[in-house]
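Heads up: the structure comes next, in structure tokens.
The values are calculated or read from the model by the stated rules, or taken from the named source; none is laboratory data. A quick note: this is a predicted structure, and the numbers were derived from the prediction, not measured. Counting neighbours? That spans all protein chains shown, and the Cβs are built from the backbone with ideal geometry, glycine included.
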Amino acid sequence: MKQRAIERRARHDAGVVYTPATLARLLAEVSLAALHQAGIPKDRTILQIVDPACGEGALLQAASDELKRVGSPAESVHFTGYDIDPVAIHRAGSLVGNSSDVGAQLQVADALDRAAIANQQFDLVLSNPPYVSIRRLTQQASREKIDAYKRDYQSACGCFDLYVLFVERCLELVKPGGICGLLVPSRIAAMKYATACRRLVLEQTLVEVIDLSKLMMFRGAKVYPCILVIRRAPAPSEHRVRVTHIEDRADLSQRVLTLVPQSRFSTERWSLSCERFSLLEQHGDVQKLGNIATIVSGASGFTAAAMRPFVKSRNNVAAEEKGSYLPFLVSGQIDRYQLDHARGRFQNVYYDEPVLDVTQARLTLKKRELYRSQKLVVSGMSQQLEVALDEVGCALAVQVFAIWKSALDLRYLLAILNSSLMHAIFIERYAAKRLAADYFSINLAQLAELPIVVPRSDDRTAMGKYQRLILLAERRLSCDLEASRSLKQQIEHAIDEAVFELYGISSADQEVVRRGSPQASSSLDRQLRAA
Ligand SMILES: C[S@@+](CC[C@H](N)C(=O)[O-])C[C@H]1O[C@@H](n2cnc3c(N)ncnc32)[C@H](O)[C@@H]1O
């Protein structure tokens, strides 16, 4: 029993998680449909299908079943499967090889080694590649191997994950005009390391994206996958990508479809939702938050463990030491508009009024200046954007971000960032990075991209709206922890309305945002898609 658990763990670490049958069927179905739409095979008598990391053959088997269901377009079909694992290849042999009249070639090979699979191209490439982060890869593969990946693969950039190399390799293995059906983590849409990979995909025709990020499809693996169907051919101008969402694990045929121009998919980031608010940036007075203020990580250069010896409960600080300590904020103490200084958990230890010794040598002057300054503080892990104003000057833990040195009044930014509109924009853009229990792990790059209306000083109406938001933020800030919920809600409602007006949001879109407010956030995506 224990042995099996160890084996499972080792397989998981190596990115070996076989595709469940329902998902394999879906991938085969949409990929073969795209192949037919692409007119393949026209004059081909043999249809060639490969899975370059086939494991026990789930995808090849699903393709074989689907071809039987819809009728094969070719006189014969030839299946090829490669894998580095001889045991998996053996099992795939008994599954696919014996299954029917189809021809199958199953071979132990490293698909990333171009010499091992040379001069071969296929009509259809299906793959659920291994997902292995660079951290795990460094433990598993030699330095030379990783250097070779970096040298040989354009997509091996930054802190890459092995699956991006497979995307690149699959695109090479498909014949011009052919189809790649890939099951990859939906973070391919958002991660910086995947920029080069997104560029390679966008050089071809992105036929379909199926967002499965709401479903936990893989047992034991915390991965939210998506399906990409890519045709190896440059996208015609005006090409629209079919973006579909599946929410019901029990019924994968229930899909909500939107057609999104491929030109809207940038290499910087893909939104897997329908980008209701993507046009905001084209509004002349909108700038990215990162251009308006400095956004920094609360404790960059520090690990939580290195900070720990310098954290205490306020009561434990001797009177003569008091000047060396500042209140210390951890992510959980930051709520919208307010800070709860009373109790904080840091590194699994609870502190009453946690404080940090800011005289410690490792703290740079810049950090000390940041801590003592007035700033906005943002919780790095929450279910919605939670931003508060730090007026007293607090030291910050890891997973807390600070917004300071702003060209605009911090209270103005505070109101906008805590508004329902910003929550909707955040969900729309970064749903791909959602963690368990609908928590978001927020990062600097995401914050820096948020669109902020910058009023022109010679525009009296715009300046009036600016001042009004500052006033409303002040009213909300004056509510202490004990203030009634309804009073807070009333002010926040007024802030939401003022933000809608500021951004010129149509009444239909306002309705969508209201229904999707954090309290009913799951309905937001549904509404966005239904609209
Ligand atoms: C996520 S599993 C998917 C297997 C199968 N395609 C499926 O959908 O069930 C990834 C597979 O990739 C294989 N693999 C890992 N690195 C490989 C490489 N360099 N070349 C070929 N296969 C590889 C693993 O052994 C594993 O079977």
**Asked** Is it the case that segment 376-386 has a residue that's touching a Cys at 6+ places or on another chain (Cβ under 8 Å), surrounded by 15 or more Cβ atoms within 10 Å (Cβ to Cβ) and within 24 Å of I470 (Cα to Cα)?
**Response** yes
**Request:** Give me a count of the residues in segment 462-501 that are touching a residue at least 12 places away in the same chain (Cβ under 8 Å) and part of a helix (DSSP H, G or I).
**Result:** 22
**Asked** Which of the residues that make up segment 65-89 are more than 14 Å from the ligand (Cβ to nearest atom) and among the small types (G, A, S)?
**Response** G71, S72, A74, S76
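Condition test on D101, is it of a type in the set (D, E), more than 11 Å from the ligand (Cβ to nearest atom), outside any strand (DSSP E or B) and modelled with pLDDT under 90?
yes
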**Elements of type helices (runs of 4 or more DSSP H) contained in segment 115-180, each with 1 or more residues being in contact with a Lys or Arg (Cβ under 9 Å, 6 or more places away or on another chain) and not acidic (D, E)** = 134-140, 162-173
**Asked** Taking interchain pairs and intrachain pairs at least six residues apart, which have beta carbon atoms under 6 angstrom, with the first residue in segment 121-139 and away from the ligand (no atom under 15 Å from the Cβ) and the second modelled with pLDDT of 90 or more and of a type in the set (S, T, N, Q)?
**Response** D123/Q48
**Item:** Among (1) part of a strand (DSSP E or B); (2) over 17 Å from I230 (Cβ atoms); (3) within 20 Å of the chain's Cα centre (by Cα), the one test that R187 misses
**Value:** (1)
**Message:** Take residues that are at pLDDT 95 or above and tell me which of the helices (runs of 4 or more DSSP H) falling wholly in segment 403-461 contain 2 or more.
**Reply:** 410-417
